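**Student:** Before we start, here is the structure in question, set down as structure tokens.
The values are calculated or read from the model by the stated rules, or taken from the named source; none is laboratory data. What you see is a predicted model, and the numbers here were worked out from it, not measured in a lab. Using ideal geometry, Cβ is built from the backbone for each residue, glycine included, and neighbour counts are taken over all protein chains shown. Just the protein is used for accessible areas: all its heavy atoms, side chains included, with ligands, DNA and RNA removed. Shrake-Rupley method; radii C 1.70, N 1.55, O 1.52, S 1.80 Å.
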Amino acid sequence: MNIREDLKAYLDGELSPQRMEEIRAALEADPALREELEFMRLMGFEIKRMAAEPHVAGVEGALGRLRGFRWPSFVRDRRWVLAGSALTVCVAVVAVSQFSGRLAPDSDATASIPAGAELGFAGTESMAKMPAEAMQMDKGRSRSAMPESVVPGDVGGGTIPAPIPQMVIQTADLSVTVPSAREALIAARRIATGLGGFVESSSHSQQQQGLPYAHLGMRVPAKQFETALDQLGALGEVVTLNTSGQDVTEQVVDVQARIKTMKAEEEQYRLILSRANKIGEILEVKSRLDQVRQEIESLQARYQYLSSQASYSTITATFSEKQTMDKPEAPKDWANDSWTNAVRGLTAVGRWLGEWAIRLFVFAPIWLPILGIGWWLSRRARPKSP
Amino acid sequence: MTEDQRGSPERIASAQRGNREALAELVREHYAEVFRFIARRVGTDLAEDAAQETFVTVQHQIKRLREPAKFRTWLLSIAHNHARNAARKAKRETPMDLWTAAPSAEGATLDREVLRSALQALSEEHRQVVVMHELEGLRYAEIAEVLGIPEGTVKSRLHHAFVQLRARLTGEGGTR
């Protein structure tokens, strides 16, 4: 190893004892090396002498800074302050947006709930190839919304039932694939009569493809609506099931009230008629009485129709044979599907980002001060020199 | 206070436990050294603030010091970082105003003016180890720890720095 490279380290005593001995031996043998070593020693000596001693200042300031107010360590670290502020802002924005979402009467959350969930059969539900469990759940939900009983009052006799139970006109449109359309039609008739209902219409024919199918329109008591759907569905595989319900309680109450009013009016005319002496008066009152009577009968007919519709649910069933559903499917356009799905996904993400940007903007009066305070605290955690 | 009591392990341990008085004593003991250490790198105008920052960092980090015996090296490492940050902010290299160039005494072997310009001509990293070793009195191992470089690199840098100084001095007729 080059002796000269270790001369400085030798001078500083930074070599191993063995190396020190080697250098010492080399120095004794080489006057030029000794001169070089001496020059290094002189340079070190002069460097020390040349160095001015800086005037020390600020020790009290340093002590003052250490004695000063100390924030907790997590506050002193600006990263933690920023992270905490960001977290607080996010939580605040989410909480406030959720809270305002609940307060808003027409918020998306409310709008996304199917009408049927709130109104029972007041909405329309469609199910395609639904699993049996889902179908049962849906039926269970529908069943809970069914009126317990619909008892029309003796309107003709003038007694109005009060209070009126909820009256809902229920309809269902059912499509079932079965092994045999004809046998399914016969079984469906039995179901209708067995449940205390009746068949309104039925037909059996061939489809264009040559496969037989059957159609059946039936009315069953409202209480048996779910049972009928269960039994019809059990005839084969349910392809589609559309149920709907129309709440007519308000209409019934309105009709009842109008009947009551008209009846009172009728009684008044009858009293006037009994006291009338002139032919002209009698004819005029009788004419008015006839009009009132017609209106009462019209309202009663309306009432009976609504009661009947609510008392008996309407089910339309179509039975098609299995083969019609087993046609080979056309090859799917997977590329188009993928493209469509990707565009939809991108749209959804864009919308989501947009919604959040709007929320952040709207809630800026809340999170901006928090962020500002966090920034201020982090700045304050680094006190300035006194 | 004797030299042995400076930065004694007991005092450091006490400061690590949160004893503010012990910490204040450590500040009093080491402030001047830290100030000079920084001043020789960034100048006295920036040294005060950087020295104070150094002790604020010490206050926050002293619990992480595992070897109290290496307190001085650890302290100078922190000071070195703050000095480097201050120099970077001020876009400043090691100032030369702390090197006096008073006329050499009659019959002096080396011309101080030439030596001063030779020091100025050194690269920053070479001048740094010269200052640390010759003025601060740090050993090679300590310099290596402060700068975070191998000890062999310190030795090599010092050797090359002195070779360059000698070349300048002898080449420009600095030898008398």
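**Student:** Here is a check on your reading of the model: is A:R379 farther than 30 Å from A:S201 by Cα, in a helix (DSSP H, G or I), open to solvent by 80 Å² or more (accessible area, probe 1.4 Å) and not assigned by TED's automatic domain parsing to the domain that holds A:A228?
**Tutor:** So A:R379 fits the description; yes.
**Student:** Please work out which one of (1) part of a strand (DSSP E or B); (2) farther than 30 Å from A:S320 by Cα is the condition A:L216 fails and give its number.
**Tutor:** With respect to (1) part of a strand (DSSP E or B); (2) farther than 30 Å from A:S320 by Cα, A:L216 is out only on (2).
**Student:** Report, ordered by the first and then the second residue, all pairs with beta carbons closer than 8 Å, sequence separation of six or more or different chains, a first member in the stretch A:264-285 that is open to solvent by less than 100 Å² (accessible area, probe 1.4 Å), and a second member that is hydroxyl-bearing (S, T, Y).
**Tutor:** A:V285/A:Y269
**Student:** Residues being at the interface with chain A (Cβ under 10 Å from one of its Cβ atoms) and more than 24 Å from A:G13 (Cβ to Cβ): count how many of those fall in the stretch B:115-154.
**Tutor:** 2
**Student:** On to the next question. Please note which helices (runs of 4 or more DSSP H) are completely contained in the stretch A:1-58 and include at least 3 residues that are out of contact with any helix residue (DSSP H, G or I) (no Cβ under 6 Å at 6 or more places or on another chain), more than 25 Å from B:L135 (Cα to Cα) and open to solvent by 90 Å² or more (accessible area, probe 1.4 Å).
**Tutor:** Of the helices (runs of 4 or more DSSP H) lying wholly inside the stretch A:1-58, those with at least 3 residues that are out of contact with any helix residue (DSSP H, G or I) (no Cβ under 6 Å at 6 or more places or on another chain), more than 25 Å from B:L135 (Cα to Cα) and open to solvent by 90 Å² or more (accessible area, probe 1.4 Å) span A:17-29.
**Student:** Can you tell me how many residues in the stretch A:5-35 are at the interface with chain B (Cβ under 10 Å from one of its Cβ atoms), more than 22 Å from B:R112 (Cα to Cα) and touching a residue at least 24 places away in the same chain (Cβ under 8 Å)?
**Tutor:** Of the residues in the stretch A:5-35, 1 are at the interface with chain B (Cβ under 10 Å from one of its Cβ atoms), more than 22 Å from B:R112 (Cα to Cα) and touching a residue at least 24 places away in the same chain (Cβ under 8 Å).
**Student:** Right, next: Kindly indicate which of A:A62, A:A51, A:A26 is of a type in the set (A, V, I, L, M, F, W, C) and closer than 23 Å to B:R28 by Cβ.
**Tutor:** Of A:A62, A:A51, A:A26, the one residue that is of a type in the set (A, V, I, L, M, F, W, C) and closer than 23 Å to B:R28 by Cβ is A:A62.
**Student:** Could you please tell me which pairs satisfy a Cβ distance under 6 Å, a separation of 6+ or placement on different chains, a first residue in the stretch A:36-57 that is at the interface with chain B (Cβ under 7 Å from one of its Cβ atoms), and a second residue that is surrounded by fewer than 17 Cβ atoms within 10 Å (Cβ to Cβ)?
**Tutor:** That search, which allows pairs on different chains as well, returns A:L42/B:T109; A:M50/B:T100; A:A52/B:T100; A:V56/B:A32.
**Student:** What number goes with the only condition from (1) away from chain A (no Cβ under 11 Å); (2) out of contact with any His (no Cβ under 8 Å at 6 or more places or on another chain) that B:R72 does not pass?
**Tutor:** Unmet for B:R72, out of (1) away from chain A (no Cβ under 11 Å); (2) out of contact with any His (no Cβ under 8 Å at 6 or more places or on another chain): (2).
**Student:** What tally of residues in the stretch B:51-68 results from selecting those that are under 17 Å from A:G64 (Cβ atoms) and either modelled with pLDDT under 90 or facing chain A (nearest Cβ under 10 Å) (or both)?
**Tutor:** Count: 9.
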